[in-house]
Amino acid sequence: GVLDDHLVSLGVGNERLVLAGFSQGSALAAYTGLRRRCLGVLALGGPCPPRERLLPDNSVTRVCCVVGDADPYAPHAALAAALAKYPPRSPAEGVHVVQGMEHEVTETSVAKGLAFLSSLLRDTAPI
């Protein structure tokens with residue numbers, strides 16, 4: 001596929017790939033990244049709604065989900081339950097619920113996403 005061809009052209013494998021998205025883009029990132037066993041998945045405001053049956057068993061991919069407690073499309077309790085099968089290995093991972101945040105990307109969610117990406121960079125050997 002297109003993604004595979006692009007990764008080959010860059011000389012990068014799934015073990016160095018991080019997929020990220022917002023809303024339905026987070027669903028695409030989560031379902032694809034977990035199936036491919038990528039390095040990481042950063043899901044902002046989703047997947048909405050979470051489809052637990054689409055989330056494969058995976059002990060490799062590190063997951064960070066940032067969602068608002070006031071988000072009507074991405075219910076944080078359902079996301080936490082669906083993503084519980086991917087236990088955090090660092091404080092930057094897991095489901096982070098931001099008080100008062102609706103279905104949006106905010107400075108807080110970006111900061112949490114950057115902390116996750118930074119933790120992946122710290123823990124991954126250079127190319």
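The values are calculated or read from the model by the stated rules, or taken from the named source; none is laboratory data. Small disclaimer: the values here were computed from a predicted structure and weren't measured. Cβ: placed from backbone, ideal geometry, glycine included. Neighbour counts: every protein chain shown. Accessible surface areas use protein heavy atoms only, side chains included; no ligands, DNA or RNA. Shrake-Rupley method; radii C 1.70, N 1.55, O 1.52, S 1.80 Å.
Would you kindly calculate the translational diffusion coefficient of the range 64-104, applying Stokes-Einstein with the Kirkwood radius from alpha carbon pairs, for 4 °C and a viscosity of 1.567 mPa s, and quote it in µm² s⁻¹ without decimals?
Calculated translational D: 126 µm²/s.
Semi-axes, largest first, in whole Å: what does sqrt of 5 times each Cα gyration tensor eigenvalue give for the range 13-63?
Semi-axes, largest first: 17, 12, 7 Å.
Quickly work out the Ala77-to-Glu107 label distance, labels modelled 7 Å from Cα along the C-beta direction, and quote it in nm with one decimal.
Between Glu107 and Ala77, the simple spin-label model gives 3.2 nm.
Per the Kirkwood treatment, what hydrodynamic radius in Å, one decimal, follows for the chain from the mean inverse distance over all distinct Cα pairs?
This gives a value of 14.5 Å.
About its Cα centre, how strong a charge dipole does the chain have in debye, to the nearest 20, once Lys and Arg get +1 and Asp and Glu get -1 at the Cβ?
It works out to roughly 400 debye.
Probe of 1.4 angstrom, ligands and nucleic acids ignored: what's the accessible area per residue over the chain, in square angstrom?
53 Å²
On the full set of protein chains, 1.4 Å probe, figure out the accessible area of Arg62 and give it in Å² to the nearest 10.
About 20 Å², ignoring ligands and nucleic acids.
Report the convex hull volume per residue for the range 38-89, counting only C-alpha atoms, in Å³.
So the per-residue hull volume is 72 Å³.
Report, to the nearest whole %, how much of the accessible area of the range 34-127 belongs to carbon and sulfur atoms, 1.4 Å probe, protein only.
57 percent
Which one, Phe116, Ser59, Leu34, is farthest towards the positive end of the dipole of the chain when Lys and Arg carry +1 and Asp and Glu -1 on their Cβ?
Ser59
Which residues' amide hydrogens lie under 5 Å from the amide hydrogen of Ala20, considering only partners 5 or more residues apart or on another chain, with H built in the peptide plane?
Long-range HN contacts for Ala20: Leu42.
How far, in nm, would the chain grow between Val8 and Asp123 when pulled straight, counting 0.36 nm per residue and subtracting the alpha carbon separation?
Answer, rounded to one decimal: 39.1 nm.
Which ³J(HN,Hα) values, rounded to whole Hz and listed in residue order, are derived for the range 22-31 from phi using the Karplus coefficients 6.51, -1.76 and 1.60 in 6.51 cos²θ - 1.76 cosθ + 1.60 with θ = phi - 60°, glycine and proline given as x?
10, 6, 5, x, 6, 5, 4, 4, 5, 5
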